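This report refers to the structure that appears directly beneath it.
The values are calculated or read from the model by the stated rules, or taken from the named source; none is laboratory data. Just so we're clear, the structure is a prediction, and the values are computed from it rather than from any experiment. So basically every Cβ, Gly included, is an ideal-geometry build from the backbone, and we count neighbours across all protein chains shown.
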Amino acid sequence: MTPPQEELLPATRRALLHRVAVAQAEGRAPSLVAAVVRDGRAVWHGARTCVDGHGPDENVQYRIGSITKTFTAVLVLRLRDEGALDLGDPLEKHLPGTGAGEATIRELLAHTGGLAAETPGPWWERTPGTLRPELADVLGERPFLHAPGRRFHYSNPGYTMLGALVEKLRGAPWEDVLRREVLEPLGLTRTGGRQQAPHAGGWAVHPWADAMLPEPLEDLGLMAPAGQLWSTSGDLARFAAFLMRGDDRVLSAESLAEMRAPAAPAEAADLADGATYGLGLQVQHRDGRLLVGHSGSLPGFLANLTISVADDVAAVVLTNCTSAPLISAVGADLVRIVAEAEPRIPEPWKPLREVAPELLELAGPWYWGTSAFALRLTSDGLLSLAPLANAGRRSRFRADGDGTWTGLEGYFAGETLRAVRRPDGSVSHLDLGSFVFTRTPYDESADVPGGVDPDGWRGIG
């Protein structure tokens, strides 16, 4: 294991502070606080404020809006991992009578359930939750705007349904379950549904004047699982480290990787932006980097959590104004600054502990038709199949225990790879989802579909 890197270099720290200062000044934010995570811990904290001598630190609470959805998604994945539900289950199976029951749990997590973006009636973020005492008040008379599973359509009521699902299966209020199963194990002592001093006040900044107006702080009631939480840059830094590495007391690294994988079909505008959605996490390509996380907003507050797993860097940005600065861009920039100024030091290469002769026999070049591929045994116990040219289909494969292998990604995800042997035990070819890979291009001794011309390779003559 590579030892933790040292604290950030002075030039990197200044670049981070400069980005935060520009965001606060140009965005006219009353205050802005940020943190950077590397190697599983916070390595930088910065803040700017309009009040001299009162800069917020990592313990000052802000509302985090829809970052709450990621916490709710973690609770749902915990239930799945325990066997209490399947993500393909319709909501009706576990929470009957809502009127939105045909949407599956996976679709609700990925915002593909077809539900409306907002609740009927007055703006739910700026009115008390007592106006929506029942799930029917959250959904209204027309819950579905689209057929479930057909398109991505961000839905706040969808996460209210997931919160109600958690309450039904746990037999306890959503916030109590969250505290017991996520917040306490991860040490997020400054995260919860109610503000606790010290906390920032929420402000609206006039668009054409340097003047401010206080925003109301409402209890969202049933909408809490979609956006109620207050948190700090310190707590969210710890949460970001968990989302990158996992914690078996809360959720495994494998389940978190599933949350980070795109799960929603991207619309044309999303494709242009390089953005899509996983299970409770936003996913985007920016500056050649895959970023996951979530943004959040409520009247008076903006929040962003951005993670680059490949760089092992995350950023948290919180501010107490209704609009501007665009802090999702700030979060991405903080990640980029660290990743480019101080690139991640890779783990040392290590060989396999044991090499099975029957697997070593498979390593090396193979041909699908005339396209050259290389099959490698890697130190993590997987097989890697990749084209020798830069472009082409590639995947890693996990052993199934019966002599076959299952693809983990890309075109071959879920497909079975097996070595087909001749009667004498030697390998004839590889079969991958009906594709035949041979040791030489169109090997006539192998079972190539369609056969091989008996006259063999020839010139144009």
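Report whether or not Tyr411 is touching a residue at least 40 places away in the same chain (Cβ under 8 Å) and either under 29 Å from Lys350 (Cα atoms) or over 41 Å from the mean Cα position of the chain (by Cα) (or both).
Numbers: touching a residue at least 40 places away in the same chain (Cβ under 8 Å): no; either under 29 Å from Lys350 (Cα atoms) or over 41 Å from the mean Cα position of the chain (by Cα) (or both): yes.
Judged against the criteria, Tyr411 is not a match.
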Problem - Residue that is nearest to Gly193 (Cα to Cα), among those in the stretch 119-136 that are in contact with a Pro (Cβ under 8 Å, 6 or more places away or on another chain) and surrounded by 16 or more Cβ atoms within 10 Å (Cβ to Cβ) - result: Glu125
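Could you please let me know if Val317 is of a type in the set (Val, Ile, Thr) and closer than 15 Å to Asp287 by Cα?
So Val317 fails the test.
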Exercise for the section: Return only the number of the condition from (1) more than 19 Å from Gly192 (Cα to Cα); (2) surrounded by fewer than 24 Cβ atoms within 10 Å (Cβ to Cβ) that Glu175 does not satisfy. Expected result: (1)
Completion exercise
(1) within 26 Å of Trp174 (Cβ to Cβ); (2) touching a strand residue (DSSP E or B) at 6+ places or on another chain (Cβ under 9 Å); (3) in a helix (DSSP H, G or I); (4) free of Cβ contacts under 8 Å to residues at least 60 places away in the same chain all hold for Arg13 apart from (1)
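Only one of these is at pLDDT 95 or above and either among the aromatic types (Phe, Trp, Tyr) or farther than 18 Å from Phe242 by Cα (or both): Ile307, Ile327, Ile337. Name it.
Values: Ile307 fails: either among the aromatic types (Phe, Trp, Tyr) or farther than 18 Å from Phe242 by Cα (or both); Ile327 fails: at pLDDT 95 or above.
Selected residue: Ile337, the only one of Ile307, Ile327, Ile337 that is at pLDDT 95 or above and either among the aromatic types (Phe, Trp, Tyr) or farther than 18 Å from Phe242 by Cα (or both).
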Problem - Residues being in contact (Cβ under 8 Å) with a residue 40 or more places away in the chain and either acidic (Asp, Glu) or touching a helix residue (DSSP H, G or I) at 6+ places or on another chain (Cβ under 6 Å) (or both) - total across the stretch 359-398 - result: 1
Completion exercise
Per the filter on the stretch 21-42, residues buried (at least 22 other Cβ atoms within 10 Å of the Cβ) and either in a helix (DSSP H, G or I) or free of Cβ contacts under 8 Å to residues at least 60 places away in the same chain (or both) are Ala23, Gln24
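Would you tally the residues in the stretch 415-437 being in contact with a His (Cβ under 7 Å, 6 or more places away or on another chain) and farther than 17 Å from Pro357 by Cα? Can you show your working first?
In the first step, residues of the stretch 415-437 are kept if they are in contact with a His (Cβ under 7 Å, 6 or more places away or on another chain); the result is 420, 436-437.
Narrowing further to those that are farther than 17 Å from Pro357 by Cα: 436-437.
Selection size over the stretch 415-437: 2.
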Fill in the blank from the handout: Of the candidates Ala446, Ala419, the one satisfying the condition of being modelled with pLDDT of 90 or more and either small (Gly, Ala, Ser) or touching a Lys or Arg at 6+ places or on another chain (Cβ under 7 Å) (or both) is Ala419
Fill in the blank from the handout: Those residues of the stretch 437-448 which are over 18 Å from Ala363 (Cβ atoms), in contact (Cβ under 8 Å) with a residue 40 or more places away in the chain and either crowded, with 16+ Cβ neighbours inside 10 Å or of a type in the set (A, V, I, L, M) (or both) amount to Tyr442
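Name the residue that is nearest to Trp124 (Cα to Cα), counting only residues in the stretch 148-193 that are of a type in the set (A, V, I, L, M) and touching an Asp or Glu at 6+ places or on another chain (Cβ under 9 Å).
Residues of the stretch 148-193 of a type in the set (A, V, I, L, M): 161-162, 164-166, 169, 172, 177-178, 182-183, 186, 188.
Next, from what is left, pick out any that are touching an Asp or Glu at 6+ places or on another chain (Cβ under 9 Å): 177, 183, 186, 188.
On the way: Val177: 23, Leu183: 26, Leu186: 30, Leu188: 27 Å.
My answer is Val177.
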Practice task
Identify the residue in the stretch 122-159 that is outside any loop (DSSP other than H, G, I, E, B) and acidic (Asp, Glu) and, among all such residues, is farthest from Ser66 (Cα to Cα).
Solution key: Asp137
Handout entry: Residue under evaluation Leu85, criteria (1) more than 29 Å from Thr12 (Cα to Cα); (2) more than 26 Å from the chain's Cα centre (by Cα), criterion not met
Key = (2)
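Inside the stretch 200-296, counting only strands (runs of 3 or more DSSP E) that do not spill past its ends, which hold 2 or more residues that are modelled with pLDDT under 95?
On the way: elements: 203-205, 212-214, 275-277, 282-286.
Per the criteria, 275-277, 282-286.
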Practice task
Give me the pairs, please: first residue somewhere in the stretch 280-300 and closer than 18 Å to Arg126 by Cβ, second residue anywhere and at pLDDT 95 or above and in a strand (DSSP E or B), beta-carbon distance under 6 Å, and either six or more positions apart or on two chains.
Solution key: Gly296/Ala303; Leu298/Arg63; Gly300/Trp203
Practice task
Select, from Glu107, Glu125, Glu92, Glu102, the only residue that is over 21 Å from Arg179 (Cβ atoms), among the acidic types (Asp, Glu) and modelled with pLDDT under 95.
Solution key: Glu125
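Can you find, within the stretch 137-155, the residue that is surrounded by the fewest Cβ atoms within 10 Å (Cβ to Cβ) among those that are more than 23 Å from Leu279 (Cα to Cα) and among the charged types (D, E, K, R)?
Here the residue is Glu141.
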Fill in the blank from the handout: With criteria (1) charged (D, E, K, R); (2) closer than 25 Å to Glu258 by Cα; (3) surrounded by 15 or more Cβ atoms within 10 Å (Cβ to Cβ), Asp431 comes up short on (2)
Fill in the blank from the handout: Apart from one, (1) outside any loop (DSSP other than H, G, I, E, B); (2) closer than 21 Å to Glu254 by Cβ all hold for Gly414; the odd one out is (1)
